[in-house]
Amino acid sequence: MDAKTCLEKLKYVGTLAFATVDSDGAPQIRNISAIHYEEDRMYFFTARGKNFCRELLADGRVQILGHTKYNEMIRLSASAKPVSDDKQDYYINKIFDEQPYLSNVYPGDTRKIGIIFEIGNAEIEYFNLGVKPIFRESYSIGSGYVRQKGYCITEKCIGCGKCLKRCPQGCIVSGKPFVIGQEHCLHCGACYEVCPAKAVERL
């Protein structure tokens, strides 16, 4: 798995959930399918008068989530920005060509109310619940960066094995200290709660 493959999978999902925060700090989610994909970036269409557009122009931060029929979840954490004025018409027409239903929503020249945003820098999280043990990995595109998440076991570990027994995915390996297999970790915190030595720390 890699970032390019994740974008391909999102393309096949079609409609994605886009999450932003409004001016009152309240979470907002929209389903968006007016999307064009390239190898290392994505472009999407919305209307300038929508709250969604105003939120993106004011802040830019967005999270995008897709769920495949194979129980794979792919999440992008990114900053969206409008494409330059000289490229707006090009990408509007491209998205309308790829998504013919949009011509029913914005017939003729009414599509000009739209604006195209670009995501070229992002952290991508891939999470497959359809395999056992589960599999997760993170990637980046552009200047996006991968943030550490989950848990680790420190040198405080006393080797009691309680974390290993409690882990629902069996992804902890005995050692000095015990080690969590990050690619199979659910980030559920069971090991954190059960450790008597407080050796498990949140990343």
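The values are calculated or read from the model by the stated rules, or taken from the named source; none is laboratory data. Keep in mind that what you see is a predicted model, and the values were worked out from it rather than measured. Glycine also receives a Cβ, built like all others from the backbone with ideal geometry; neighbour counts cover every protein chain displayed.
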Checked pairs for segment 187-199, first outside the structural domain of PRO177 (by TED's automatic domain parsing), second outside any loop (DSSP other than H, G, I, E, B) and of a type in the set (Gly, Ala, Ser), C-beta under 6 Å and 6 or more apart or across chains, list as none
Going by the structure shown, is ALA122 surrounded by fewer than 17 Cβ atoms within 10 Å (Cβ to Cβ) and hydrophobic (A, V, I, L, M, F, W, C)? no
Unique match (being in contact (Cβ under 8 Å) with a residue 40 or more places away in the chain, surrounded by 13 or more Cβ atoms within 10 Å (Cβ to Cβ) and either assigned by TED's automatic domain parsing to the domain that holds PHE135 or within 15 Å of the chain's Cα centre (by Cα) (or both)) among PHE44, PHE52: PHE44
Out of GLN169, GLN148, report the one residue that is part of a loop (DSSP other than H, G, I, E, B), at pLDDT 95 or above, within 30 Å of LYS69 (Cα to Cα) and within 28 Å of the chain's Cα centre (by Cα). GLN169
Any residue in segment 1-16 that is among the small types (Gly, Ala, Ser) sitting within a Cβ distance under 7 Å of a residue that is outside any helix (DSSP H, G or I)? List the pairs, counting only those 6 or more apart or interchain. ALA3/ILE124; ALA3/TYR139; ALA3/SER140; ALA3/ILE141; GLY14/SER33
Matching residues, segment 145-163, being more than 30 Å from ASN121 (Cα to Cα) and among the hydroxyl-bearing types (Ser, Thr, Tyr): THR154
So which pairs qualify, if the first residue must be in segment 128-155 and without any contact (Cβ under 8 Å) to a residue 24 or more places away in the chain, the second must be part of a loop (DSSP other than H, G, I, E, B), the Cβ gap must be under 7 Å, and the two must be at least 6 apart or on different chains? SER138/VAL146; SER143/ASN121
Here is a list of conditions, (1) touching a Cys at 6+ places or on another chain (Cβ under 7 Å); (2) crowded, with 18+ Cβ neighbours inside 10 Å, and PHE96 meets all of them except one; can you say which number that is? (1)
Right, GLU123: touching a Gly at 6+ places or on another chain (Cβ under 7 Å), closer than 23 Å to SER79 by Cα and assigned by TED's automatic domain parsing to the domain that holds TYR37 or not? yes
